[in-house]
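Below is one structure, written out as structure tokens; comments come after it.
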Amino acid sequence: MKYIVVTGGVMSGLGKGITMASIGRILKNRGYKLVPIKIDPYINIDAGTMNPYQHGEVYVLADGAEVDLNLGHYERFTDVELGREHNITTGAVYSAVIDRERRGDYLGQTVQIIPHVTNEIKARIRGVAAKSGADVCLVEVGGTVGDIESMPFLEAVRQMKLEERENDFLFVHVTLVPSTTMHEQKTKPTQHSVKALRELGLQPDIIVCRSKEALKEDVKAKIAMFCNVKKEAVISAADAEDLYAVPLMLEREGIWTYISEKLQLDQPKVDRAWEKMVERRRSCRDKKFFIAIVGKYAELEDSYLSIKEAIKHAATELGYNADTKWIEAEDLEEEKEVCSFFDDVQGILIPGGFGVRGAEGKIKAIEYARENKIPFLGLCFGFQLAVVEVARNVAKLEDANSAELSETLHPVIDLLEEQKEVVEKGGTMRLGDYEVFVRGDTLAKKVYGKKKIVERHRHRYEVNPAFIDQIEREGVVFSGTDRSGTRMEILEISQDKHPFFLATQFHPEFRSRPNRPSPPFKAFLEACIKHPPEK
Ligand code: GLN
């Protein structure tokens, strides 16, 4: 097994995740099998309960793990399906060590960070690597060098480097090279962060420098000298207009040449599909249109990162550049006429969400899309609110609502008995991959082209089976269910009544990939392109 470990210096948010995902893509393009691991030094066991305000979206994996959004980047860039074990947090590591201590497994030893915690970390990394059957294991150590939280992880990878073979282990350090107002690129922050690393016994093999503009040659030389690396190992990673172009940029900078020499990987044939995709994105940059996303954390785009990416994937394939317009749901609540919010968009998307704030604004947006025949896609909470909207305004159950939002005589969205039990037992949500069965002769069937699909889920509430008959009228149908037919998974309005109105209880955005867009996103965008709003 080969290991590439990525650390970060100077500050967070430099794009360490993108750097690692890009290295993954470079390897993947050459046919290597890889496995990415993300280390999150926080004490939370997983990201499930974390506020997206602080950390961007909660990304959901096939096995139902709720993880940091960087794992979304890994899946999108490397197209490897990840699971719970690919995310290692301090919380998970300590809780395993403490459990073992309680069971008496340490036979009365004093349990310490070194070796017990570091051993647990190493065992987890190696376990995941071995199980995956990959050629290369990529490990991102979250946080910034110097953080107290990351210390045990850095110590663990230091030990690993010593234990593994010389040509099997490589450290990549991502830092920042800021520029002065006089465009002078400053290397001091990089020098300091590498110094901090070396004090911990870690010498980076490659330094990836994030900067506004490409690094100047003399700056590279200076970093090489002060940080004890070869000049070829100083890689310039200037701000990129297109995230998906980053692997190509790093390659041009020679990162592959350096990695392949160091890890003794040969250079097999390169698959150019990714490059072509990036080229297509560049060529349709000017064919731009907008999709409205009506959300609650609209001020923080990261909360809907996967949706934004899924829109990009679908648009690229269709030869367009779809951008997103963020609309704060609460702003719609105060307005009588909401049309002014949507006059420059070609479709309306309501993403997942929780709680009452902004919900009525989202329902207003759905009503507007339905009545004005604007292409609409509702996801999870957006699906549930679409059910509420049609229940109120088509089926005339005027006080219809979701039980999550208020008490009502018509809780068209409610907890199923089954789910009540889950909640009582301390479980929370229906998470991860579940099969969905699509009804024949529906829009959903056209969209997916098959009857059995698998998509990722993250929800507590469901369509209340008591109201299905009342809701299904005037072209409104539930066109996808679970195997038993009791859980409603897809809602649509037939295409003789609306150009595109589709909502899903699941989150298709998590399975969208740059070269394999999610079917509902693609169909939604196709409809947006075909039915531009009348001006
Ligand atoms: N709040 C809703 C539920 O719990 C929807 C969740 C979501 O959109 N992810 O079912």
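The values are calculated or read from the model by the stated rules, or taken from the named source; none is laboratory data. Given the structure is predicted, the values throughout are model-derived calculations rather than measurements. Every residue, glycine among them, receives a Cβ derived from its backbone with ideal geometry; neighbour counts consider all protein chains shown. Keep in mind that these areas ignore ligands, DNA and RNA; they rest on the heavy atoms of the full protein, side chains included. Shrake-Rupley method; radii C 1.70, N 1.55, O 1.52, S 1.80 Å.
Observations, loosely collected:
- Residue match in segment 270-287 (condition: within 17 Å of F376 (Cα to Cα), part of a helix (DSSP H, G or I) and in contact with a Lys or Arg (Cβ under 7 Å, 6 or more places away or on another chain)): no
- Residues located in segment 10-42, provided they are touching a His at 6+ places or on another chain (Cβ under 6 Å) and farther than 23 Å from N515 by Cβ: I37
- Close pairs from segment 341-366: first free of Cβ contacts under 8 Å to residues at least 24 places away in the same chain, partner within 14 Å of the ligand (Cβ to nearest atom), Cβ under 9 Å, at least 6 apart: I366/V294; I366/I350; I366/G378; I366/G382; I366/L385; I366/A386; I366/V388; I366/A503
- Qualifying positions in segment 456-480 - open to solvent by 30 Å² or more (accessible area, probe 1.4 Å) and β-branched (V, I, T): V477
- Entry remark, segment 124-173: residues being in a helix (DSSP H, G or I), touching a Phe, Trp or Tyr at 6+ places or on another chain (Cβ under 8 Å) and open to solvent by 30 Å² or more (accessible area, probe 1.4 Å) number 1 in total.
- Tally of residues being in contact with a Ser or Thr (Cβ under 8 Å, 6 or more places away or on another chain) and surrounded by 24 or more Cβ atoms within 10 Å (Cβ to Cβ) across segment 28-43: 4
- Flag for E140 being among the acidic types (D, E) and touching a residue at least 60 places away in the same chain (Cβ under 8 Å): yes
- If you go through segment 236-254 and keep only what is among the hydrophobic types (A, V, I, L, M, F, W, C), modelled with pLDDT of 95 or more and open to solvent by less than 30 Å² (accessible area, probe 1.4 Å), you end up with A245, V246, L248, L250.
- Residue check for S479: in a loop (DSSP other than H, G, I, E, B) and more than 16 Å from the ligand (Cβ to nearest atom): no
- The helices (runs of 4 or more DSSP H) located wholly in segment 373-475 that include 1 or more residues which are within 13 Å of the ligand (Cβ to nearest atom) and over 20 Å from L349 (Cβ atoms) occupy 417-424.
- Here segment 191-235 is the region considered, the condition is being of a type in the set (G, A, S) and touching a residue at least 60 places away in the same chain (Cβ under 8 Å), and the residue that is least open to solvent (accessible area, probe 1.4 Å) is S193.
- Filtering segment 312-329 for residues that are open to solvent by 10 Å² or more (accessible area, probe 1.4 Å), at pLDDT 95 or above and part of a loop (DSSP other than H, G, I, E, B) leaves a non-empty set.
- Here D441 meets each of (1) touching a strand residue (DSSP E or B) at 6+ places or on another chain (Cβ under 6 Å); (2) among the acidic types (D, E); (3) over 20 Å from L379 (Cα atoms) with one exception, condition (1).
- Flag for Y258 being part of a helix (DSSP H, G or I), open to solvent by less than 80 Å² (accessible area, probe 1.4 Å) and within 30 Å of C380 (Cα to Cα): no
- Some residue of segment 93-103 being of a type in the set (K, R) and in contact with a Leu (Cβ under 9 Å, 6 or more places away or on another chain): no
- Evaluated against (1) surrounded by fewer than 24 Cβ atoms within 10 Å (Cβ to Cβ); (2) under 24 Å from G201 (Cα atoms); (3) at pLDDT below 90, M1 falls short on exactly one condition, (3).
- Residues (open to solvent by 10 Å² or more (accessible area, probe 1.4 Å) and either within 26 Å of V394 (Cα to Cα) or among the aliphatic types (A, V, I, L, M) (or both)) located in segment 494-525: S494, Q495, D496, K497, P499, H507, A523
- Residue satisfying all of: in segment 340-372; open to solvent by less than 10 Å² (accessible area, probe 1.4 Å) and in a loop (DSSP other than H, G, I, E, B); nearest to the ligand (Cβ to nearest atom) among these: P351
- Boolean, Q185 is without any contact (Cβ under 8 Å) to a residue 60 or more places away in the chain, open to solvent by less than 40 Å² (accessible area, probe 1.4 Å) and in contact with a Phe, Trp or Tyr (Cβ under 6 Å, 6 or more places away or on another chain): no
- Any hit, segment 54-62, residues being over 15 Å from the mean Cα position of the chain (by Cα), of a type outside the set (S, T, Y), crowded, with 16+ Cβ neighbours inside 10 Å and closer than 26 Å to S12 by Cα: no
- If you go through segment 1-31 and keep only what is in a helix (DSSP H, G or I) and of a type in the set (S, T, N, Q), you end up with T19, S22, N29.
- Checked against the criterion of being farther than 29 Å from D469 by Cβ, within 16 Å of the ligand (Cβ to nearest atom) and over 19 Å from the mean Cα position of the chain (by Cα), segment 326-339 contains one or more residues that satisfy it.
- Residue within segment 94-105 that is surrounded by 13 or more Cβ atoms within 10 Å (Cβ to Cβ), in contact with a strand residue (DSSP E or B) (Cβ under 8 Å, 6 or more places away or on another chain) and under 28 Å from V10 (Cα atoms) present: no
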